[in-house]
1. Checking the condition in contact with an Asp or Glu (Cβ under 8 Å, 6 or more places away or on another chain), among the small types (Gly, Ala, Ser), in a helix (DSSP H, G or I) and closer than 30 Å to Asp21 by Cβ, which residue from Ala146, Ala128, Ala119 passes?
2. I'd like the full set of residues that are surrounded by fewer than 22 Cβ atoms within 10 Å (Cβ to Cβ) and over 18 Å from Pro35 (Cβ atoms), limited to segment 79-112.
3. Read through the list (1) free of Cβ contacts under 8 Å to residues at least 60 places away in the same chain; (2) among the hydrophobic types (A, V, I, L, M, F, W, C); (3) assigned to a loop (DSSP other than H, G, I, E, B); (4) crowded, with 20+ Cβ neighbours inside 10 Å, then give the number of the only condition that Val34 fails.
4. Mind checking whether some residue in segment 42-52 is over 24 Å from Arg185 (Cβ atoms) and at pLDDT 95 or above?
5. Please specify each residue of segment 53-64 satisfying the condition of being in a loop (DSSP other than H, G, I, E, B), of a type outside the set (Ser, Thr, Tyr) and buried (at least 24 other Cβ atoms within 10 Å of the Cβ).
6. Could you tell me whether Arg106 is part of a helix (DSSP H, G or I) and either in contact with a Ser or Thr (Cβ under 9 Å, 6 or more places away or on another chain) or over 24 Å from Arg206 (Cα atoms) (or both)?
7. Could you please find all residues in segment 143-156 being surrounded by fewer than 24 Cβ atoms within 10 Å (Cβ to Cβ), in contact with a Leu (Cβ under 8 Å, 6 or more places away or on another chain) and either at pLDDT below 95 or among the small types (Gly, Ala, Ser) (or both)?
8. Among the residues of segment 157-167, which ones are crowded, with 16+ Cβ neighbours inside 10 Å and within 17 Å of the chain's Cα centre (by Cα)?
Amino acid sequence: MTRDFDSRCCRCPRLADFLDDVRARYPGYFARPVPSFGDPAARLLIVGLAPGMHGANATGRPFTGDHAGILLYETLFAFGFGTQAVSRSADDGLELRDCRITNAVRCLPPQNKPTTREADTCGDYLAAELRAMPTAGFVLALGTVAHRSVLKALGLKLSAHPFGHGAEYAVGSGLRLVDSYHCSRYNTQTRRLTPEMFRDVFAGLRERLDAMAPAADEVTTGPPVRAAG
């Protein structure tokens, strides 16, 4: 199984130019397209929005170094998906178990707002992640951009699968898409997403994954997916 990610990708001119500027201002930052992180055979794929300026863009690991990662990694640890409750840097020894994290857009966007075209251009990287998943897995979309990107990568109609916190859809060959509000600072501080709400989502995923408990040698490839665009 291959994911064909290119950390030198510069297909989106606006994002490539922005990263050039960021590297000049912050020479110690990663400031490149951020790779996925976690178990390559995971049955749970978490899809976020995009790297944060002083988070993943700085550290080179999704959700690491910014506020959104605090709740995410605490929750992953609480439900046995992570070996540590805190993700500090790309070399801190943290490992994910049966879980993998990626973003709909791999590059830091200005004002944390990628365009629809940029999300679509990055869609083949997400499609490759989905293609490499085992059957009977779960894709957790954090927010509407991630939700739309997953559906586009799978070639599914957006209108037939509206986003909603806690919503769940069968998306082919045993895969299921689950939605959650993004664990951003804005959502957690306004209480649109509470820690209890977030934990409830993961409790359900943990319970169902444990009930499935396939042997490693029974893993097969996931559904056919196509890149959006």
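1. Ala128
2. Correct list: Phe79, Gly80, Thr83, Gln84, Ala85, Val86, Arg97, Asp98, Pro110, Gln111, Asn112.
3. (1)
4. Yes, the conditions are met somewhere in segment 42-52.
5. Matches in segment 53-64: Arg61, Pro62, Phe63.
6. No: the conditions fail for Arg106.
7. Gly143
8. Selection gives Phe163, His165.
The values are calculated or read from the model by the stated rules, or taken from the named source; none is laboratory data. The shown structure was predicted, so the numbers you read here are calculated from the model rather than taken from an experiment. Quick reminder, even Gly has a Cβ in these numbers, built from the backbone with ideal geometry, and neighbours come from all protein chains shown.
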